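Enquirer: This structure is in structure tokens; I'll ask about it shortly.
The values are calculated or read from the model by the stated rules, or taken from the named source; none is laboratory data. Only a predicted model underlies this, so the values are computations on that prediction, with no experimental measurement involved. No Cβ is skipped: glycine too gets one built from the backbone with ideal geometry, and neighbour counts run over all protein chains shown. For accessibility, only protein heavy atoms count, side chains too; no ligands or nucleic acids. Shrake-Rupley method; radii C 1.70, N 1.55, O 1.52, S 1.80 Å.
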Amino acid sequence: MKKIGIFYGSSTGTTKSVAERIGTTLGISKEDVFDVANVSPSKLADYDVLLLGTSTWGSGELEDDWYDFIAGVEEMYLKDKTIALFGCGDENMSDTFCDGVGILYDRLQKTDAKFIGAFNTEGYEFSNSEAVKNGSAVGLLLDEVNKPSLSDKRIAEWSELLKSEF
């Protein structure tokens, strides 16, 4: 059985809540859910599957706590790791919706990790996102501001998708 760790950055607690809900849905112990502000990138070595989550701030920036953490991760060789991404955004920020997820995806390409969990964008309303590549989101995108009622359903669907790809 593959060991799964969830790593998130959260300024307001929204992405933390989503990370915990994903963990519950997948049966992941609370001890395997980490705030990147309080853990070293070396902790990734303890896991086979890495679920990485961020919110998007300002004009499409990564959540603040990720900057030092991701700089450390970029230096790692993760060929034997599988990564799935998730994040929170605001569809009213239509031209930068969940760009933080796209930034993580782009910056992690040089690690040689395998990416899973691409998710469809059906039912979303935004004009542009760095998290969309080749017509699909590179991970789970959520709008807890405008469409929180859709989040649990999307988390459940994404979790089932991940289970089929582990």
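Enquirer: Take every Cα pair under 8 Å in the range 8-88 that's 6+ residues apart, average their separations, divide by the length, and report that relative contact order as a whole percent. Intermediate results must be reported in sequence, preceding the final value.
Expert: Working: 96 pairs, mean separation 30.9, N = 81.
Result for the range 8-88 is 38 percent.
Enquirer: A follow-up question, please. Largest first, please: the extent of the C-alpha atoms of the range 1-148 along each principal axis, to the nearest Å.
Expert: For the range 1-148, the Cα spread along each principal axis is 37, 29, 27 Å.
Enquirer: Quantify, in whole percent, the carbon and sulfur part of the accessible surface of the chain (1.4 Å probe; protein heavy atoms only).
Expert: Numbers: 3550 of 7750 Å².
That fraction is 46 percent.
Enquirer: Something else about it: Expressed as an acute angle from 0 to 90° and rounded to the nearest 10, what is the orientation of the C-alpha long axis of helix 99-108 relative to the principal long axis of the chain?
Expert: It works out to around 30 degrees.
Enquirer: How many angstrom lie between the C-alpha centres of the range 129-165 and the range 58-77?
Expert: What the calculation gives is 20 Å, centre to centre.
Enquirer: Take every Cα pair under 8 Å in the chain that's 6+ residues apart, average their separations, divide by the length, and report that relative contact order as a whole percent.
Expert: Values: 339 pairs, mean separation 36.1, N = 166.
Reported relative contact order: 22 percent.
Enquirer: Follow-up. So what's the angle, to the nearest 10 degrees on a 0 to 90 scale, between helix 151-165 and the longest Cα principal axis of the chain?
Expert: Once rounded, one gets 40 degrees.
Enquirer: With a 1.4 Å probe and every protein chain left in place, work out the accessible area per residue of the chain in Å², rounded to a whole number.
Expert: Values: 7750 Å² over 166 residues.
I get 47 Å² per residue for this part.
Enquirer: Also, I was wondering about something else. Using a 7 Å offset from the Cα along the Cα-to-Cβ direction at both A45 and M1, what is the distance between the two label points in nm, to one decimal?
Expert: Roughly 2.5 nm, to one decimal.
Enquirer: I've got another one for you. What does the highest-first list of 103-114, 35-46 look like by mean Cβ count within 10 Å?
Expert: Values: 103-114: 16.8, 35-46: 14.8.
Highest mean packing first, the order is 103-114, 35-46.
Enquirer: How big is the accessible area of E75 in square angstrom, nearest 10, if you roll a 1.4 angstrom probe over the protein chains?
Expert: We get 150 Å² for E75.
Enquirer: Just the accessible area for E31, please: 1.4 Å probe, Å², rounded to the nearest 10?
Expert: We get 140 Å² for E31.
Enquirer: 7 Å from Cα along Cα→Cβ at both D64 and E31: what's the point-to-point distance in nm?
Expert: Each label point lies 7 Å from its Cα, and together they span 3.2 nm.
Enquirer: Chymotrypsin sites (Phe, Trp or Tyr not before Pro), restricted to the range 1-103: which are DSSP loop and have at most 16 other Cβ atoms within 10 Å?
Expert: Details: sites: F7, Y8, F34, Y47, W57, W66, Y67, F69, Y77, F86, F97; in loops: Y47, Y77, F97.
Here the sparse-neighbourhood loop sites are Y77.
Enquirer: Starting from 0.36 nm per residue, how many nanometres of slack lie between D112 and Y77 once their C-alpha separation is accounted for?
Expert: Values: separation 35, 0.36 × 35 = 12.60 nm, distance 0.65 nm.
Between D112 and Y77, full extension yields an extra 11.9 nm.
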